[in-house]
Amino acid sequence: MRILHAVDRTLTAIVNAALVLIFAVMLTLAATQVFLRDLFHTGIYWGDVAARYLVIWVGFLGAFLATRGGKHFHIDVLTRFLNPRARLWFNAFSDLFASVVCLLLTLASATFVREALDPESTVFLGIPETALAMIVPVGFGLIMAQFVIKMIESIVNAMRGTVEKKAAQ
Amino acid sequence: YTIKFATLAPEGSTWIKVMTEYDKAVRRESGGRLGFRIYPGGKVGDEKDVIRKIRLGQYQAGGFTGVGIGEIAKEVRVLDSPFLFKNYDEVDYVVNKFESQFEKELEDGGFVLLGWAEVGFVYIYTNRPIYSPVDLKEVKMWMWEGDPIPQAAFQAIGISPIPLSITDVTMALQTGMVNGVYTSPYALVALQWFTRVKDMMSEPLADSQGAVLISKKVFDLFPKDLQQVLVTNGRKYFRQLTLSSRQENANAIQTLKKKGVQITYLRKDVAAQFESMGEKARQLLVGKLYTKEFLNEVESALRSYRQGRGK
Amino acid sequence: MTTLLIILILVIIALAGAPLFAIIAAIGLLVFTAAGTEPASLIAELYRLVNFPALIAIPLFTFAGYLLAESRAPKRLINLAQALVGWMPGGFAVVALFSTAIFTAFSGASGVTIIALGGLIFPALLKQNYPENFSLGLMTTSGSLGLLFPPSLPIILYSIVARDAAGNSVNIDKLFVAGLIPGILLLLILSAYSIRTGIVAKVPRNPFSFKAAWAGLKEAAWEAPLPVIVIGGIYGGIFTATEAAAVTAFYVLVVEVFIRRDLKFFSDLPRIIRESMILVGAILVMLGAAMGVTSYLIDAEIPNQLFGFVSQYVSSKFVFLVILNVFILVMNMIEIFSAIIIVVPIIVPVALQYGVDPIHLGIIFLLNLEIGYMTPPLGLNLFLSSLRFDRPLTQVYRTVLPFFLLLVSVLLLITYFPELSLALTGAVGVR
Ligand code: NA
Ligand code: NA
């Protein structure tokens with residue numbers, strides 16, 4: 001459990017930092033582009049394309065953090081009425097399902113990057129498209145890892161009956 | 001076999017009509033063993049999306065312009081390079097002369113050429129007459145984001161364009177964010193951009209080549225006779241399509257004139273100025289799209305063709 | 001049979017609380033595999049997001065909305081509005097309507113409005129002697145007002161999703177313009193009701209004071225121009241919606257962090273970026289997964305079959321729209337963003353065949369979302385309101401009823417008169 005938490009914390013810290021950094025670049029790029037366009041009648045010719053790729057990056061990192069916080073869209077009309085312990089079992093089941101789906105998505109994305117993209121194709125500033133698209137398999141992989149960690153946590157807590165402590169938080 | 005075929009061309013366009021005829025011919029000559037299922041109007045996505053889906057096997061063939069072709073075989077885009085051709089005879093000559101080389105590049109990219117489907121000459125349209133490159137500096141020129149060819153062309157001319165995705169251009173023309181665009185006359189009319197421009201430069205910026213391609217993996221699965229049916233008819237029908245688009249573009253120029261768009265004819269020395277800028281632009285694309293040797297080969301073939309015709 | 005069984009299982013898993021993006025992706029993986037297509041094709045669909053020009057607007061507007069919500073801007077805006085229209089009968093209720101509408105337009109209608117502004121407005125309404133039931137109903141309703149005004153996130157999402165199904169005619173700038181008249185109509189009708197309540201309940205009025213108005217204006221001098229810049233900029237054709245997003249995010253950042261200093265650069269900003277991007281991430285993975293399923297549906301011509309089926313029973317366009325309204329209303333109670341992402345791609349092609357303009361449909365859809373938020377028993381605002389104001393759910397259900405009826409009548413008007421939505425799209429510079 002402790003190792004799991006350490007891994008989780010480190011991963012989250014790295015993602016946090018990367019997210020803030022990439023967001024800053026994205027906002028700067030988008031704002032610069034508007035200033036150049038509307039005030040100076042010019043623009044960075046790869047600016048919009050780059051900004052959109054950064055949205056995908058930011059999105060996957062955000063989705064990773066959403067997993068931890070249980071912030072993915074879900075229906076809780078039923079689980080809302082369960083007792084805390086039963087809810088933990090339901091959570092574990094949902095997380096198991098999500099982990100399996102994310103595993104399949106990771107594999108599918110890896111195939112996508114390998115087969116659908118041209119390894120020599122570059123998008124902007126000479127950055128290969130495959131490198132930019134790598135966030136898709138990596139993102140789904142990280143999200144899967146997060147679901148697995150959550151699932152283990154839920155199961156351990158449900159079995160230990162540390163429900164009260166959790167619920168009080 | 002059913003070949004799933006995707007294109008940006010909209011339903012009801014000449015493009016789709018010819019494609020449907022091609023499909024009929026293929027079905028007839030293959031005895032019903034082979035046919036297309038056509039997905040028009042960008043239903044499947046833009047050209048790059050279609051190429052990715054063909055690589056994954058979800059679709060098998062598509063109609064592409066430079067955007068897509070550049071993703072498969074960059075060298076072929078030499079045909080789209082700035083101020084290279086002066087008329088369609090020159091285009092036909094170069095396309096024929098280097099066809100086997102282009103085909104090889106496309107095959108290395110995983111695709112087999114069924115036929116060339118040219119978009120046609122692309123002109124510059126502005127809100128003021130352009131008598132010289134200096135006049136262009138006063139124009140807020142649009143550039144299709146991420147396309148290296150106009151980027152090189154405008155860099156050589158010495159102007160810094162405003163990059164926008166094509167879907168934003170109508171809006172940008174209306175707001176005055178841009179007041180200069182480039183495209184084929186036919187597209188200018190179809191996209192309704194012509195209502196926002198006053199002048200058209202007589203010298204084409206470039207020719208825009210298109211191609212109908214099928215996945216090589218799929219093509220190789222077909223028996224020889226079916227391959228033959230596909231290629232022979234492809235060449236025939238898409239050549240027809242190319243000729244009709246040339247006609248449509250010529251008609252569109254007449255429409256533009258009627259709608260009050262002025263055509264500025266360049267003085268000889270100014271045209272020469274643009275031509276040398278074109279040369280410079282083509283050099284800027286060396287290494288990005290094609291090798292220096294290949295460009296030289298194409299340019300010198302064109303030069304001797306022009307001399308041969310006494311021009 | 002197997003299909004039904006699989007659907008049933010997935011519905012059960014969804015009800016057990018599994019993330020919806022995983023459910024949708026599972027459907028995508030299943031249908032692609034069943035059709036003999038490489039599952040990576042699902043990712044090819046998701047990857048198409050990088051082509052959508054409006055994509056950048058999602059994170060930027062979301063970020064700006066979160067920044068505003070965390071700053072003291074809402075308080076300043078309410079003070080200003082109070083000073084400007086507090087003298088009218090029902091004045092403060094009208095203030096509540098307009099300020100929550102603006103706030104919702106900027107915060108993306110994720111329910112933040114009730115949480116963030118409720119604490120300021122609800123006690124003030126009670127203090128001014130507005131009836132409790134009216135105030136509670138008003139707050140619950142106001143949580144989703146403003147959805148029709150730029151830069152509301154649901155509008156952006158609709159334009160992206162519908163664009164895929166209906167082609168480029170669904171332009172985000174057009175949608176922003178189309179929402180203006182219906183949005184204002186809605187506010188005016190609710191204002192009229194508020195003024196009536198103000199008169200009947202004999203709510204005391206504050207005399208208008210130039211001094212207070214000036215003070216309010218001075219205090220909100222930085223934020224007050226924002227709606228004007230964004231909405232005016234888009235309607236006036238000064239910039240596109242995507243540009244408005246960049247301008248807004250940048251402007252709000254500079255004002256709240258450097259000029260107003262409501263928020264600290266190092267301690268608050270990274271947290272707000274993170275929190276807003278969590279919402280963006282959740283939306284994007286779901287959007288990506290849904291695009292895969294949509295492409296399958298379109299490929300398999302499901303919307304055509306649906307149209308064929310429906311048109312056997314319904315021939316009138318208006319009757320179709322009314323039925324559609326009921327259907328969307330039920331769907332929307334579940335979850336707003338999911339509803340857009342899942343439902344729009346299926347109904348847009350069907351509606352097109354009935355001759356419904358996709359822009360008009362968008363406004364109908366968004367107004368439905370607005371109502372879905374407050375529709376008993378499952379609308380999100382009802383829960384938020386009950387939680388935030390500490391009132392039993394049953395009381396909340398009762399109090400939203402008059403508002404619900406008003407909103408539904410506006411919805412019928414908008415449905416029956418497409419001109420209300422479409423008139424401006426032709427008149428203003430945007431086409
Ligand atoms: Na833009
Ligand atoms: Na699609």
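In straight-distance terms, cross-link reach from A:Lys150 covers every one of the lysines whose alpha-carbon lies under 21 Å from its own, apart from those fewer than eight places away in the same chain; here that gives A:Lys71, A:Lys165, A:Lys166.
A Cβ-based charge dipole, computed about the Cα centre of the protein assembly as shown with Lys and Arg at +1 and Asp and Glu at -1, lands at about 1580 debye.
Peptide B:229-240 has a mean shielding of 0, counted as Cβ atoms of other protein chains within 10 Å of each residue's Cβ. Note on the stretch C:29-422: dipole from Cβ charges, positive end direction compared against C:Pro154, C:Phe32, C:Ile184; the farthest Cα belongs to C:Ile184.
The stretch C:234-249 and the stretch B:95-151 have Cα centres separated by 31 Å. Share of pairwise Cα-Cα distances greater than 18 Å in the stretch C:285-431 is 63 percent (whole percent). Return the lysines within reach of C:Lys317: Cα separation strictly under 27 angstrom, same-chain partners fewer than 8 residues apart disregarded; answer none if there are no such residues. Within reach: B:Lys43, C:Lys174.
For the stretch A:2-168, with only Lys/Arg (+1) and Asp/Glu (-1) charged at the beta-carbon, what is the dipole magnitude about the Cα centre, in debye rounded to 20? Walk me through the numbers on the way to the answer.
Details: 14 positive and 11 negative charges, 197 e Å.
The dipole magnitude comes to about 940 debye.
What do you get for GluC sites (Glu not before Pro) in the stretch B:91-179 restricted to DSSP loop and a cutoff of at most 16 other Cβ within 10 Å of the site's Cβ?
Details: sites: B:Glu99, B:Glu103, B:Glu105, B:Glu107, B:Glu118, B:Glu138, B:Glu145; in loops: B:Glu118, B:Glu138, B:Glu145.
Listed in order of number, the matching sites are B:Glu138.
Sorting B:Thr7, C:Thr33 by solvent-accessible area of protein heavy atoms yields C:Thr33, B:Thr7, largest first, with a 1.4 Å probe. Taking the DSSP beta bridges with both ends in chain B, the antiparallel portion is around 55 percent.
Cα-based radius of gyration for the stretch C:45-87, normalised by 2.2 N^0.38 Å, reads 1.88. For chymotrypsin sites (Phe, Trp or Tyr not before Pro), the sites in the stretch C:43-90 that DSSP calls loop and that have at most 15 other Cβ atoms within 10 Å are C:Trp87.
If I take every Cα pair under 8 Å that is 6 or more residues apart in chain C, average their sequence separation and divide by the length, what percent do I get for the relative contact order?
26
Annotation for the stretch B:227-306: chymotrypsin sites (Phe, Trp or Tyr not before Pro) lying in DSSP loop with at most 15 further Cβ atoms inside 10 Å of their Cβ are B:Tyr265. Accessible surface buried by the C/B pair amounts to about 1800 Å², both sides summed, 1.4 Å probe. Look at where the Cα atoms of the stretch A:94-160 and of the stretch C:31-101 average out, and the two centres are 27 Å apart.
Look at the dipole of chain B built from charges on Cβ: of B:Leu173, B:Ser244, B:Leu213, the Cα furthest out on the positive end belongs to B:Ser244.
Calculate the translational D of chain B in whole µm² s⁻¹ from Stokes-Einstein, where the hydrodynamic radius comes from the Kirkwood formula applied to all Cα pairs, the temperature is 37 °C and the viscosity 0.692 mPa s.
Values: Rh = 20.2 Å.
This corresponds to a translational diffusion coefficient of 163 µm²/s.
Here the protein assembly as shown exposes an accessible surface that is 64 percent carbon and sulfur, computed with a 1.4 Å probe and the other protein chains kept in place. Need the per-residue list for the stretch A:33-50: every residue with at least 50 Å² less accessible surface in the complex of protein chains than in the chain by itself, probe 1.4 Å, sorted by number. Relative to the lone chain, where solvent access is computed with a 1.4 Å probe, the stretch A:33-50 loses at least 50 Å² at A:Val34, A:Arg37, A:Asp38, A:His41, A:Tyr45.
Across peptide C:56-65, the average count of Cβ atoms from other chains found within 10 Å of a residue's Cβ is 4. The residue list A:Phe124, A:Val101, A:Ala158 was ranked by how far each Cα lies along the charge dipole of chain A toward its positive end, using unit charges on Cβ atoms, and A:Ala158 comes out on top.
Leaving out ligands and nucleic acids, and using a 1.4 Å probe, what accessible area per residue does chain B come to in Å²?
Details: 12570 Å² over 311 residues.
Per residue, chain B has 40 Å² of solvent-accessible surface.
Between helix C:358-372 and chain C there is an angle of about 60 degrees, using the helix long axis and the longest principal axis of the Cα atoms.
To the nearest whole number, what is the average tally of beta carbon atoms from other chains within 10 Å of the beta carbons of peptide B:55-62? Present the calculation step by step, with values, prior to reporting the outcome.
Numbers: counts 9, 13, 7, 13, 3, 0, 0, 0.
Across the residues of B:55-62, the mean count of other-chain Cβ atoms within 10 Å is 6.
For B:Glu118, the amide hydrogen comes within under 5 Å of the amide hydrogens of B:Gly210, B:Thr242, counting only partners 5 or more places away or on other chains and with H modelled in the peptide plane. Annotation: B:Val197 carries an accessible surface of approximately 10 Å², with a 1.4 Å probe and no ligand, DNA or RNA atoms counted.
Give me the accessible area buried between chains C and A, both sides summed, with a 1.4 Å probe, in Å² rounded to the nearest 100. Don't jump to the answer; show the numbers that get you there.
Working: alone 18720 and 10960 Å², together 24940 Å².
In total, chains C and A hide about 4700 Å² from solvent.
By the rule of a C-alpha distance below 13 Å, with chain neighbours fewer than 8 residues away ignored, the aspartates and glutamates paired with B:Lys216 are B:Glu103, B:Glu105, B:Glu107, B:Asp108. Sorting A:Asp118, B:Asp89 by accessible area puts them as B:Asp89, A:Asp118; the probe is 1.4 Å, largest comes first, and only protein heavy atoms count.
The values are calculated or read from the model by the stated rules, or taken from the named source; none is laboratory data. What you are looking at is a predicted structure, and each value in this text was computed from that prediction instead of being measured. Glycine also receives a Cβ, built like all others from the backbone with ideal geometry; neighbour counts cover every protein chain displayed. Heavy atoms of the whole protein, side chains included, go into the accessibility calculation; ligands, DNA and RNA do not. Shrake-Rupley method; radii C 1.70, N 1.55, O 1.52, S 1.80 Å.
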